[in-house]
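The next block holds one structure in the form of structure tokens; read it before the comments.
Nothing in this text is a laboratory measurement; each read-out follows from the coordinates by a stated rule. The structure displayed is predicted, hence computed values, not measured ones. Glycine also receives a Cβ, built like all others from the backbone with ideal geometry; neighbour counts cover every protein chain displayed.
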Amino acid sequence: MTAEAERLKIVFVGHVDHGKSTLIGRILHDTNSLPEGKLDLIRQACAAEAMEFEYAFVLDALLEEQAQNITIDTTQIPFRTAERRYVIIDAPGHKEFLKNMITGAANADAALLVIAANEGVREQSRRHAYLLSLLGVKQIVVVVNKMDLAGYSKDLFREIEREYRAFLATLGMEPRLFVPASAKQGENVARPADAVMPWYSGPTVLQALDQLDGSRTAHEQPLRFCVQDVYRFDERRIIAGRIESGTLRVGDEIVFSPANKSSVVATIETWNAPSRSSATAGESIGITLREQIFVERGYVGSHQQETPIETNRVHADVFWMVDSPLRKGAAYTLRLATQEVRCQVVAIEQVMDSATLGITPGERDVARNEVARVTLQTRAPLVVDNHDRIAHLGRFVLVDQRRICGGGVVFGGVYTDRTSVKSQNISWSEGKITAHQRATRNGHRGAVVWLTGLSGSGKSTIARALEAELFRRAIHGYVLDGDNIRHGLNSNLGFSPEDRVENIRRVSEVAKLMADAGTVVITAFISPYRADRRRAREIALESKAEFIEVFVDAPLPVCEQRDPKQLYQKARAGKIRDFTGIDAPYEAPEDPEIAVRTDQQTVEESVSTILEQLLPRLRPEE
């Protein structure tokens with residue numbers, strides 16, 4: 001384990017002027033964590049300026065910060081108690097600098113939230129708590145500071161605790177402790193305040209920190225090796241990157257997403273040092289592979305048993321930080337680890353005021369300092385983790401014209417078991433013509449348009465009409481129809497649940513190859529299970545093609561009434577078993593890119609709806 005991993009990282013947050021910087025200064029002083037002579041220099045500087053000494057000056061190294069009397073950047077400061085080592089992440093309290101607060105809190109194991117006893121719970125106190133919950137910080141200690149200015153009142157402390165504890169409960173947060181203190185006087189920071197607060201018998205601030213759970217050990221999490229670049233030295237191909245979580249050893253089989261190509265680690269290299277047998281979270285390394293496979297910046301290496309999520313559709317909570325609003329349909333650059341892809345906001349489900357927690361449902365613009373629950377569609381495969389599982393692969397920023405506009409965390413992604421028995425003698429053969437070159441020549445990108453719906457919903461009819469419309473527009477399209485596939489490729493499969501899964505898997509692989517060749521593949525399959533459609537998406541994204549799920553929606557009674565092949569009639573009579581919609585389930589898409597209602601729309605209207613959203617995604621990337 002690295003020294004960094006052994007330290008408990010605690011973000012200190014609080015409303016401006018609630019004494020957060022003073023508390024940090026007092027902690028550093030009382031734990032003997034200041035450089036020798038530092039405090040004397042600050043006292044001398046204060047005396048020269050005829051200023052009263054403040055422990056906050058320990059942190060206020062920037063003249064701009066002293067002039068404004070606010071902290072404007074995040075600072076990381078080490079200290080230690082008799083129990084363990086810590087890193088203080090000092091996050092700004094003023095609302096103008098929430099961006100830096102988010103940056104600090106995103107890396108924290110716990111939070112210490114400061115509230116002034118003489119002012120009580122303020123807007124920023126609520127906003128900071130919400131951001132901590134958004135970023136998944138579970139351990140919270142609340143320090144009610146400046147008790148000296150409130151006469152060390154027990155009743156006032158209990159009232160603040162009652163109010164803030166109730167507020168935190170609305171966020172699903174349970175604070176570990178509420179501690180009354182006076183950082184300026186040193187009461188209940190390192191020493192108990194028995195003389196002035198005999199009514200309090202709980203721990204001091206430092207004792208409360210020592211009671212927190214230990215640091216999340218990133219080296220024990222699933223492996224995530226984020227590729228930064230690939231170099232050639234002495235005829236060796238070295239893949240350079242940083243291990244964000246987990247441990248990597250020579251001899252490990254490592255699979256790279258989103259390509260889903262694997263090889264065995266031959267060596268682990270570090271700069272100007274001998275090769276090593278292993279490396280762990282927090283280390284930047286280079287590796288060589290026994291079998292050369294194509295890997296580039298942005299790829300993420302993992303062990304086959306615990307792979308990340310590959311998708312082009314992400315659900316996230318986004319905190320917006322600039323004056324120009326976040327709008328549905330707007331395009332941004334999404335940066336996550338070493339990945340950088342273009343994305344579009346395709347849905348804004350709700351907007352929340354981060355101070356009042358008031359929620360506005362439905363789609364509207366997102367203003368500065370608001371939090372939105374959004375769906376993002378990326379132009380290329382994105383490798384992510386849910387933030388609550390692996391934080392580093394679950395955080396991202398949105399960039400517009402080189403300016404960071406918002407920060408987000410990923411939630412609700414579903415992991416797919418991608419382990420399979422595969423011969424070690426089989427490797428993927430890379431062609432010399434890239435997908436971009438094909439798209440430039442064809443005038444459009446390859447894509448998989450996955451139509452799903454009940455039998456009789458109109459999938460095949462819409463697929464054929466869509467194919468004809470693409471052909472009219474000089475776009476290479478082809479329909480993979482369920483019946484046609486079962487005449488040949490899948491003629492050996494029945495309709496048991498296991499055979500249905502294998503049917504969709506084979507179709508997904510064929511669609512991937514055709515999309516890789518630059519074709520717009522239109523699939524018309526019931527594909528009743530969400531897990532199978534999710535895996536189809538991952539398979540398609542391996543070729544970096546667009547994947548568009550289209551829900552051909554029609555109520556069961558309408559489908560039964562149509563019943564072009566009299567399948568429902570036979571299923572009702574018991575002549576067909578495990579028929580979807582009758583005695584086998586259909587799991588409707590929860591978040592399709594496109595939905596058409598064939599009981600309300602004509603074929604032409606349905607095709608028009610699909611084209612409206614499909615055509616922009618087929619344009620070649622510049």
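Only DSSP H runs of four or more residues enter the estimate; each adds -39500 (n - 2.57), and after division by the residues of the chain the mean residue ellipticity at 222 nm equals -8000 deg cm²/dmol. Over 31 Å between Cα atoms: which of 20/328; 20/138; 328/544; 544/565; 459/575; 432/459 fall into that group? Over 31 Å apart, Cα to Cα: 20/328; 544/565; 432/459.
Debye-formula intensities of the chain, expressed as log10 I(q)/I(0) at q = 0.08 Å⁻¹, are -0.70 (one equal scatterer per alpha-carbon, no solvent). Place +1 on the Cβ of every Lys and Arg and -1 on the Cβ of every Asp and Glu in the chain, take the dipole about the Cα centre, and give the residue among 341, 186, 255 whose Cα lies farthest towards its positive end. Of the listed residues, the answer is 255. Distant-in-sequence amide contacts of residue 370, defined by a placed amide H-H separation under 5 Å and a gap of 5 or more residues or a different chain, comprise 320.
Per-residue packing, averaged as other Cβ atoms within 10 Å, sorts the ranges 76-83, 408-415 into the order 408-415, 76-83, beginning with the highest. As an equivalent ellipsoid, the range 464-620 spans semi-axes of 26, 20, 14 angstrom, where each value is the square root of five times an eigenvalue of the C-alpha gyration tensor, largest first. Other residues with beta-carbon under 13 Å from the beta-carbon of residue 155 carry, at +1 per Lys or Arg and -1 per Asp or Glu, a net charge of 0. Shown for 229, 481: other C-beta atoms within 10 Å of each C-beta, ranked fewest to most, produce the order 229, 481.
Rounded to whole Å, give me the distance from the Cα center of the range 469-489 to that of the range 437-453. Centre-to-centre (Cα) distance: 12 Å.
Let's see if you can work this out: charge +1 on each Lys and Arg Cβ, -1 on each Asp and Glu Cβ, no other charges. What is the dipole magnitude of the range 435-618 about its Cα centre, in debye to the nearest 20?
Using only the charged Cβ atoms, the result is roughly 440 debye.
Across every direction, the projection of the convex hull enclosing the Cα atoms of the range 218-306 has a mean area of 5.1 nm². Treating the angle as unsigned and between 0 and 90°, give the value, to the nearest 10°, between the Cα long axis of helix 603-618 and the longest Cα principal axis of the chain. In the chain, helix 603-618 runs at an angle near 50 degrees to the longest axis. Computed about its Cα centre, the charge dipole of the range 218-306 is approximately 120 debye, with only Lys, Arg, Asp and Glu carrying charge at their Cβ. Our summary gives the range 272-404 a relative contact order of 27 percent, counting only alpha carbon pairs under 8 angstrom and 6 or more residues apart.
Peptides 592-601, 440-449 ranked from most to least packed by the mean count of surrounding Cβ atoms within 10 Å: 440-449, 592-601. Our summary of shape: the Cα atoms of the range 141-276 have principal axis extents of 73, 35, 21 Å, ordered from largest down, in whole angstrom.
Rounded to the nearest whole Å³, what is the per residue volume of the convex hull around the Cα atoms of the range 309-410?
Per residue, the Cα convex hull of the range 309-410 comes to 89 Å³.
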